[in-house]
Every structure is written in C-alpha cells, then in structure tokens.
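Below: one structure, written as structure tokens.
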Amino acid sequence: MRGGSIALMIAALAPAQALAEEIPDAAAMRALEAAVPPQPWYPEGYYDLRIAAEAQVAEYPRPQAALLAAPSGGSTLYFDLIACGTERVAADAADPAALRYGDVALETARLRSEFARLDYPADVYAEPLLAYEKASLERADGASGPDSPLAALAAAAEAKRARIAPALAPVIARGLCEMVRIERQARERESAYEMMGAAPRRPTVMVGTEPAGGEILLVNAFAFKVCTRKTPDPWDRFACKWNEIQAGAGQPLSGRYVYQVKWPDGTVRKGTREIAPHGGPVILRKTGS
C-alpha cells in the first residue's frame with residue numbers, strides 16, 4: 001500500500017496537523033492485514049504492533065528522493081537499507097511489547113514499503129524480509145547470531161535482484177547518509193552519560209493552547225495506533241495511557257503525536273502534530289491550524 005486512504009500529508013519543514021477523523025481507525029488498519037498476514041513465529045502481541053507499524057509508515061513515508069543514494073564521489077544509485085532519521089519507539093513507552101518489538105515492526109514495515117515504492121518485485125524481497133523479521137525478533141528476545149539481520153537481508157535481496165530485476169538499483173546496507181553518523185554519535189553521547197550515572201540531556205519543547213486554559217493530552221502516534229488495535233476507544237485517556245501536559249512547562253518531546261485538548265467551555269479539539277525538539281513552542285488552537 002502506498003499511503004492510500006490512510007495517508008496524511010506531512011509538510012517537510014513545518015509541523016503537521018490533521019483532524020481526528022483523518023487519523024487511521026481500527027477498520028483502516030484491519031484493511032492492511034491482507035498485505036501482512038500473521039506468521040506462526042510472531043510472539044504474542046506482535047501482530048498488533050506490525051499492523052500499527054504499517055499504518056505509521058503509510059502515514060509518514062520517507063521522501064521518495066531519499067530512498068536511493070550514491071556513495072561519496074560516485075554516480076551509481078543504491079537502495080541503502082540503513083536509512084537516516086527513521087522512527088524508533090520511545091524509551092519511555094508504556095507497552096512492554098512495544099518496547100521489546102516495536103522497532104522491529106517499524107523497520108520491517110518501512111523496508112517492505114520502500115522495496116515496493118521502488119518497484120522491486122516481491123520475489124526479490126518478500127522471503128528475505130520475512131527472514132530478517134524473524135531474526136530481528138529473535139534478537140529482541142536475546143538470541144545472538146554471527147551476522148546482522150539487515151546485512152543478511154541486503155545480501156539475499158541483492159542476489160535475487162541481480163537475477164530477477166538487474167535494471168533496478170543494487171541493494172546494500174552501508175549507511176551512506178550523513179545522518180547515520182550523527183545518530184551514532186548521539187547514541188554514544190547518551191551511553192557516556194549513562195556510564196557516568198547521569199541522565200542524558202534532552203531538549204525540551206513548550207506546549208500551550210490558544211485560548212489558554214485547555215487541558216492537553218498527548219500520546220505518541222505509533223502508540224495510539226497500537227492502542228487502536230487493542231481497545232474500542234483509543235481516545236480514553238486511561239485505556240491508552242495518554243500523557244497530561246502542563247501548559248508552558250518544558251517537555252522532552254520529539255516525534256509524531258496525537259493530541260486532544262479540552263477547554264473549560266467543553267470544546268474538544270483532536271488531531272496530530274509533529275514536534276521537533278528545536279522547533280519552538282507548540283500551540284494547539286481551538287480553531288484553525
């Protein structure tokens with residue numbers, strides 16, 4: 001699926017907002033099950049994550065121009081499976097299954113989507129991707145192996161591409177984009193803080209309402225989709241573990257969120273917002289955008 005009816009248009013440089021009725025509901029996500037059937041080796045609770053991840057990737061795809069890259073000084077374009085700025089499950093996620101398996105679900109959904117968007121035949125990537133997913137889940141459960149599941153996926157898909165679709169871009173797993181280096185350095189800094197017994201410093205964002213006085217509830221957009229799969233009413237603040245945000249106080253927020261705001265007069269506004277950690281204050285308005 002290439003977005004379809006559940007895709008939301010996300011501005012590249014400005015925070016995005018959508019009305020609640022545009023947020024994928026349980027029926028929209030059930031429609032994805034035909035393309036992603038459950039596997040007998042899926043751990044308990046993982047299939048909901050997997051389908052929620054498909055919806056998340058369809059809603060927030062990487063730009064088409066970012067899917068192929070050339071090594072520095074080179075002209076040949078490659079499909080590099082190691083991508084820049086891909087979504088990860090928040091470290092403070094409330095769902096234990098999401099903490100353990102959520103990143104596997106998101107990466108598998110992203111890879112499946114991007115292989116299809118680049119017109120690789122399913123015969124090139126379907127079986128290698130299942131093997132990657134299975135190995136990644138086993139690693140999430142503590143298993144070890146001699147090879148990286150992503151490197152194995154790239155090698156298997158590339159062998160099939162060379163035979164089945166030689167005109168398409170070669171498949172690699174090298175991390176050509178500059179962001180990979182930056183993200184690796186950030187992880188190293190966080191690890192250094194933890195080794196010193198200090199919490200890593202995270203930028204904060206101020207969130208407020210217009211008019212003032214609205215009660216602000218936020219939940220990560222991927223977590224909201226997972227909850228939509230599991231509960232009849234994902235807008236129930238307790239069923240989905242919504243976070244109440246104090247207006248005007250700095251919050252360590254970064255990524256895509258679903259929000260609901262209730263004003264004293266009873267007005268409720270619901271929608272989505274992408275929050276950048278260095279993007280300035282976020283104002284949720286009763287009317288307008």
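The values are calculated or read from the model by the stated rules, or taken from the named source; none is laboratory data. Just so it is clear, the model here is predicted, and its values are computed rather than measured. We place every Cβ from the backbone using ideal geometry, glycine too, and count neighbours over all the protein chains shown.
Of these, Pro24, Pro71, which one is assigned to a loop (DSSP other than H, G, I, E, B) and buried (at least 17 other Cβ atoms within 10 Å of the Cβ)?
Working: Pro71 fails: buried (at least 17 other Cβ atoms within 10 Å of the Cβ).
It is Pro24.
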Next on the checklist: Being exposed (fewer than 14 other Cβ atoms within 10 Å of the Cβ) and within 23 Å of Pro252 (Cα to Cα) is the filter here; which residues of segment 74-87 pass it?
Outcome noted: Gly85
Checklist outcome for this item: With criteria (1) farther than 19 Å from Gly175 by Cβ; (2) of a type outside the set (Lys, Arg); (3) in contact with a helix residue (DSSP H, G or I) (Cβ under 7 Å, 6 or more places away or on another chain), Ala116 comes up short on (3)
Checklist entry - Taking segment 123-176 on its own, how many of its residues are among the basic types (Lys, Arg) and either assigned to a loop (DSSP other than H, G, I, E, B) or more than 21 Å from Leu68 (Cβ to Cβ) (or both)? => result 3
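Among the residues of segment 148-167, write down those that are surrounded by fewer than 18 Cβ atoms within 10 Å (Cβ to Cβ) and in contact (Cβ under 8 Å) with a residue 40 or more places away in the chain. Outline the logic, then answer.
Initial filter on segment 148-167 (surrounded by fewer than 18 Cβ atoms within 10 Å (Cβ to Cβ)): 148, 150-152, 155, 159, 162-167.
Of everything in segment 148-167, those that are surrounded by fewer than 18 Cβ atoms within 10 Å (Cβ to Cβ) and in contact (Cβ under 8 Å) with a residue 40 or more places away in the chain turn out to be Leu150, Ile164, Ala165.
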Checklist entry - Which one is nearest to the chain's Cα centre (by Cα), of the residues in segment 254-268 that are surrounded by fewer than 20 Cβ atoms within 10 Å (Cβ to Cβ) and of a type outside the set (Ser, Thr, Tyr)? => result Gly255
Item to check | Output for segment 229-266, where each listed residue is under 23 Å from Glu54 (Cα atoms), small (Gly, Ala, Ser) and either modelled with pLDDT of 90 or more or not in a loop (DSSP other than H, G, I, E, B) (or both) | outcome: Gly255
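Report, by residue number, each residue of segment 96-112 that is of a type outside the set (A, V, I, L, M), surrounded by fewer than 21 Cβ atoms within 10 Å (Cβ to Cβ) and over 12 Å from the mean Cα position of the chain (by Cα).
Residues of segment 96-112 of a type outside the set (A, V, I, L, M): 96, 100-103, 107-108, 110, 112.
Add one more test, that the residue is surrounded by fewer than 21 Cβ atoms within 10 Å (Cβ to Cβ), and what stays is 96, 100, 103.
Those that are of a type outside the set (A, V, I, L, M), surrounded by fewer than 21 Cβ atoms within 10 Å (Cβ to Cβ) and over 12 Å from the mean Cα position of the chain (by Cα): Pro96, Arg100.
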Item to check | Which listed residue is within 23 Å of Leu176 (Cβ to Cβ), modelled with pLDDT under 90 and among the polar types (S, T, N, Q), from Ser75, Ser136 | outcome: Ser75
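Could we say that Val89 is in a helix (DSSP H, G or I) and in contact with a helix residue (DSSP H, G or I) (Cβ under 6 Å, 6 or more places away or on another chain) here? Spell out the reasoning first.
Details: in a helix (DSSP H, G or I): no; in contact with a helix residue (DSSP H, G or I) (Cβ under 6 Å, 6 or more places away or on another chain): yes.
Against the criterion (in a helix (DSSP H, G or I) and in contact with a helix residue (DSSP H, G or I) (Cβ under 6 Å, 6 or more places away or on another chain)), Val89 does not qualify.
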Next on the checklist: Quick check on segment 273-287. Is at least one of its residues crowded, with 17+ Cβ neighbours inside 10 Å and either in contact with a helix residue (DSSP H, G or I) (Cβ under 6 Å, 6 or more places away or on another chain) or among the polar types (S, T, N, Q) (or both)?
Outcome noted: no
Next on the checklist: I'd like to know if segment 65-81 contains one or more residues that are touching a helix residue (DSSP H, G or I) at 6+ places or on another chain (Cβ under 7 Å), closer than 30 Å to Phe238 by Cα and not aromatic (Phe, Trp, Tyr).
Outcome noted: no
Item to check | Count - residues of segment 261-289 that are closer than 13 Å to Thr209 by Cα, in contact (Cβ under 8 Å) with a residue 60 or more places away in the chain and polar (S, T, N, Q) | outcome: 1
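Go through the residues of segment 47-62 one by one and say whether even a single one is surrounded by 14 or more Cβ atoms within 10 Å (Cβ to Cβ), over 25 Å from Lys241 (Cβ atoms) and more than 15 Å from the chain's Cα centre (by Cα). If you could, list the steps in order and put the result at the bottom.
If we filter segment 47-62 for residues that are surrounded by 14 or more Cβ atoms within 10 Å (Cβ to Cβ), which is where we start, we get 47-62.
Filter once more, keeping what is over 25 Å from Lys241 (Cβ atoms): 61-62.
Still in the list and also more than 15 Å from the chain's Cα centre (by Cα): none.
No, the conditions are met nowhere in segment 47-62.
Those residues that are in contact with a Leu (Cβ under 8 Å, 6 or more places away or on another chain), more than 12 Å from Arg273 (Cα to Cα) and in a strand (DSSP E or B), I need them from segment 209-228; list them, please.
Of the residues in segment 209-228, the ones in contact with a Leu (Cβ under 8 Å, 6 or more places away or on another chain) are 209-210, 214, 216, 218, 222, 226.
Checking the rest, the ones that are also more than 12 Å from Arg273 (Cα to Cα) come to 209-210, 214, 216, 222, 226.
Those that are in contact with a Leu (Cβ under 8 Å, 6 or more places away or on another chain), more than 12 Å from Arg273 (Cα to Cα) and in a strand (DSSP E or B): Thr209, Glu210, Ile216.
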Next on the checklist: Looking at the structure I just gave you, is Ala65 among the small types (Gly, Ala, Ser), under 16 Å from the mean Cα position of the chain (by Cα) and at pLDDT 90 or above?
Outcome noted: no
